[in-house]
1. In terms of the Cα gyration tensor, with a ≥ b ≥ c the square roots of its eigenvalues, is the range A:15-67 rounded because a/c is under 1.5, prolate because a/b exceeds b/c, or oblate?
2. As an exercise, identify the GluC sites (Glu not before Pro) in the range B:1-71 lying in DSSP coil whose Cβ has no more than 11 other Cβ atoms within 10 Å.
3. Given R₀ = 35 Å, what would the calculated FRET efficiency be for B:GLN121 paired with B:ASP17, taking r from the Cβ atoms and rounding to 0.05?
4. What is the average number of partner chain Cβ atoms found within 10 Å of a Cβ in A:18-27?
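Each reported figure results from applying straightforward, stated rules to the coordinates on display, with no laboratory input. Note that this is a predicted model, so its numbers are computed, not measured. Note that we place each Cβ from the backbone using ideal geometry, even for glycine, and neighbour counts take in every protein chain shown.
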Amino acid sequence: MRRDRGRKPKKKICSYCVDKIESVDYKQYEKLKRFVTERGKVLPRRISGNCARHQRQLTRAIKKARIMALLPFTSE
Amino acid sequence: MGYYEIMLIISPEVETDGHQEVLNDLKTAITKEGGVVSTVLDWRKRRLAYEISKHKEGYYYLVYFSGHGTVIPEVEHYFRVTDAVIRYMIVSVEEKEFNAAAEKAAEAAAAAAAQAEKQEQAELEKADEATVIEESEEPEEVEEPEEPEEVEEPEEPKEPEEVEEPVAAEEPAETVEVDAAQEAEKKDE
Ligand SMILES: [Zn+2]
């Protein structure tokens, strides 16, 4: 049995890179939903596996989608 | 000169007939400052992720225009004076996305036309069948008139899918997020 000292050995990959998406579109909000928690928070990069560039775009896209009521704001 | 995308939500209280009026007024505001509307996409009625002015749903539209930045205050002014629009956002887009939206609209229009033609064809065929039945003299086997098959409506809203900005785009050109945007940003904290 292999042990990784509590670390998940699974390699994270940026799904936007995989899908060859140049820039994250706020109008594709169904897809954005995959990157927010149940409470509406943006998943951190270490969990989403996104690259820094796409994560940055994602954060902006989520903000826009929230403004247009396509996604909820964080619920406390 | 720049390319812009406006997303707006029309109040559910506005009848569908009133939508065109809103869009026309918006067009007027855009052209007043020399802007050119290239595409209007109907994003249809959607459930709002949270209530806006007590509304739980609204009619979404996307309007693409090209023009100088001076168009924006004109558009903002229009949105401020109308009650029909409950939320809007103006963002600048790359030419590629701008053109993709126009293509999408053209495709949607073509699909709608094809659908209408198909429906017409189906009705003609039905009419033919009906004639045949009437002509047949046999009194027996009176066929139940077939239920006119529902001609399927075209698929749900066409989401502007994957409208991508060009490669090597540094950060997406500055985003103009106005009024509603700022207001919402505060809540975001
Ligand atoms: Zn990436």
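1. Numbers: a/c = 1.68, a/b = 1.17, b/c = 1.43.
Taking the square roots of the gyration eigenvalues as a ≥ b ≥ c, the range A:15-67 is oblate.
2. Working: sites: B:GLU5, B:GLU13, B:GLU15, B:GLU21, B:GLU33, B:GLU51, B:GLU57; in loops: B:GLU13, B:GLU15, B:GLU33.
Here the GluC sites (Glu not before Pro) that fit, given the DSSP loop and packing criteria, are B:GLU15.
3. Details: r = 29 Å, r/R0 = 0.83.
According to the calculation, E is roughly 0.75.
4. Values: counts 0, 1, 2, 3, 12, 11, 3, 10, 4, 12.
Average per residue, whole number: 6.
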